[in-house]
Every structure is written in structure tokens, then in C-alpha cells.
1. Using Cα pairs under 8 angstrom and six or more residues apart, how large is the relative contact order of the chain, in percent?
2. Let's see if you can work this out: charge +1 on each Lys and Arg Cβ, -1 on each Asp and Glu Cβ, no other charges. What is the dipole magnitude of the stretch 6-112 about its Cα centre, in debye to the nearest 20?
3. Once Lys and Arg get +1 and Asp and Glu get -1 on their Cβ, which of THR146, GLN93, GLN351 lies farthest toward the positive end of the dipole of the chain?
4. Compute, for the chain, the length of the dipole vector about the Cα centre, with Cβ point charges of +1 (Lys, Arg) and -1 (Asp, Glu) only. Units Debye, rounded to 20.
5. Specify the angular offset, from 0 to 90 degrees and rounded to the nearest 10, of the alpha carbon long axis of helix 12-27 from the longest principal axis of the alpha carbons in the chain.
6. Springs between alpha-carbon atoms under 10 Å, Gaussian network over the chain: tell me which of SER36, SER217, SER100 tops the mean-square fluctuations.
7. Report the number of Lys pairs in the chain whose alpha-carbons are under 21 Å apart, with separation of 8 or more residues or on distinct chains.
8. Between the stretch 316-332 and the stretch 259-286, how many Å separate their Cα centres?
Amino acid sequence: MELDNLIFDRTQADVNRVKTLTQKLIAGTATDAEKSEWLAGMKGAYNASDLNRVGSAVEYLNDYFLSLGYHTGYQPITVPHQSTSPLPDGYTQLEYIQSSGTQYIDTLFKPDQDTRVAVDFETTSSSTDSMALFGARNATNVAAFTVWLSAGNQIGAQYGANAWDAYAITATFYGQIFTYDLNKNVFSVGTQTRTLASAVFSTNSNLTVFAINTNNSVDNRRVSGKLYSCKIYDNGTLIRDFVPCKNLLNAIGLYDTVNGQFYANAGSGTFVAGPEVENAPKDPTLWYEDDIPTQTLMEQYIANVEALRSILPLPSGTPQTPDDMEALTYQEANNIEEILYTLEQVLLAMQENFLLRQANTLFMIAGGVFNNAG
């Protein structure tokens, strides 16, 4: 049958499992298997996939009823989606912003031992000199939180009072996009990781990107390259989520979606804008995870189920349609989909009985108009 994918066997154990995994995900203790289980969709939660499955079933049954001459009262739901762009009106998202070696971004944040910075970056210069990617420090090897690129595919980081701790990566970083991630004292480039000695410190300078800020003096050994993304965390809390963009005045820089602020070039010259990002339109008939199921939409959602249920007498034991979607229980979620499943069974049985009755008429017994005569 068309509606064999409907779910109406949810249990309290399914709900409890969702609560358990939610707590683990928040605490950061979930295993890879548990993360995969969460992402695959769980019966103990009601989300966009459930709304879409029920919506598709309701539309199918409505078409079925219409083909039989019934009027259902079904009203299609148009989902008012959130914007697919992470930026507000007036900003144009870019694939990247590119520095020639004179531009940089001042993040207005002073890092300490609990800071994490992760950037997706492609170096466009093969200079033999050191190139500063991001960071701040009070002095060389004093309260330092920095990442540098250098000759010979050397990637290095400074953390606290540690000297520049460098290592070679297996592929040249020039002309390739890598994720450079300094997470407290753990430094990663792509799939390679190095742990630096732990330290306790705070800097007196703002962290800069495309450059290093040493005691409020921005180093001239600035990297040339393309920045695709940059995230900054303060002891695990995301405090900057930078998106490459240009504003209404065509100034090129980064927009922080956490605080709703545009960060322009703090150096000389101008950034080069990467290609504009075209955000694909969303299907207005489908729910997405960031959509908001308003009370009005959910009232129509339930009304459509009840409109179909009320057309035909259904077998004893068929559940009633929930009054609303507020504080929906797993039993009520089961009821919604069991109603739709039962409706399909009844419609198929009606059609089968109709065909059997037609086959038993004198006209069909005599062979109808196709009686092979002649």
C-alpha cells in the first residue's frame, strides 16, 4: 500500500531514548553511533520529517477521495519558510573573501586559555616567510594564541608560553582549503592533530584574522588567501560565527550571525569578493527543520486529518483525531497516522468490493463488448 511508511507504534521508550540522547549531545558525550542514530530520525520526537510524512499521506488520500467523487474539505498548507540566507536583508553572502596580504579583520575579542578558533582557509601565497593566519599575544611566547603558516609546508601554533610548535602536513597547504582549528591547546589541520602543553593565560589584544595582534600592534606578516568561514568559541560557547559577505555599500568583510554585526577590513586596501552564494529556494509544500509550526498552521494540519476521517464510517477501535497539536503525546502522534492508514485500507476494500460486484453482473458474465465474436 502507498501508506506503509506511516508510524503508529511509538512507545514511551522511544520518547525516553530521545531525552537521553539529547542530554548526551548537549553534554558532548554522545558516541558516533548515537550521533548517527539521532541524525537518522527518532520515533520519540515529532519533527519536520513527521509533518512531511503525514502531509504527503493526507494529500494522497484527498486525491483518492476526489477521484471517487467525494468532497473532503481538505485545505493545502503553505509553509512560510525562514530565509535560507544566514544574513539579514541588505547583505550578500559570498563564497569567500580574499586578502592580498594587507587586509585583516579585528574580531573585538581577547582570547585566553579557553578560546577556540576554527577557520576554513586557502592560502594563495607561497612566500618563504612566515604568514600570520589568526591570533593575539602579549609578546612572543607570552600569553599567545596564534596560528602561523611558513615555508616547507610548516604549520605552527602558539599557546600560552609555548614556543612556536610547528609540524609539516602531508600535502602542501598552498592552493588548498584546510580547516585550521586551535581548540584551547589542541591544534588540528585537516585530519592531523597536535596537543600543546596546557597553560593559563589571557591576552591584552583583540584577536585578528589574516594577521596576528601582538600587544595591540598588528604584525605585517599577514597571510594572503581566501577565508571561507571562521568560528570563535569562548569555553565551548559560540561567540562569533563569521560569514563572508558584502553590505549595501559593497564593503567586503565578515558578518557575525551570533551578534548581528558586520566586520569590515581593518587594514589597508580592500578584500576581493568571492562568488556570490545563491541560496536555493525552499519547497513551500514541505517542512524543513528550521521552520516554525505556528498554531494556525497546526490547526489546519489537524483539521485536514479530521476532514478525511469524517467522510466514511471507520472500523470500531479507530482512534479519534487529536483536538490540537499542543503538548502532543506519542499516543496522539500514533493516532494521527493510524487514522490515515485505516482510511487507505477502507478505500482499498471499497474499491475491491466494487470491482467484484461489477464482475458478477450479467453484462460482464456475457463477455461485455469484447466477446471475441467473429
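What follows is calculated from the coordinates using simple rules that are stated; it is not laboratory data. Small disclaimer: the values here were computed from a predicted structure and weren't measured. Ideal geometry is used to build each Cβ from the backbone, glycine not excepted, and the neighbour counts take in all protein chains shown.
1. 23 percent
2. On the way: 8 positive and 12 negative charges, 72 e Å.
Charge dipole, the stretch 6-112, about its Cα centre: 340 debye, nearest 20.
3. Working it through, the farthest residue towards the positive pole turns out to be THR146.
4. Values: 21 positive and 40 negative charges, 280 e Å.
It works out to roughly 1340 debye.
5. 10 degrees
6. Its mean-square fluctuation being the largest, the pick is SER36.
7. Within the chain, the lysine pair count is 10.
8. 44 Å
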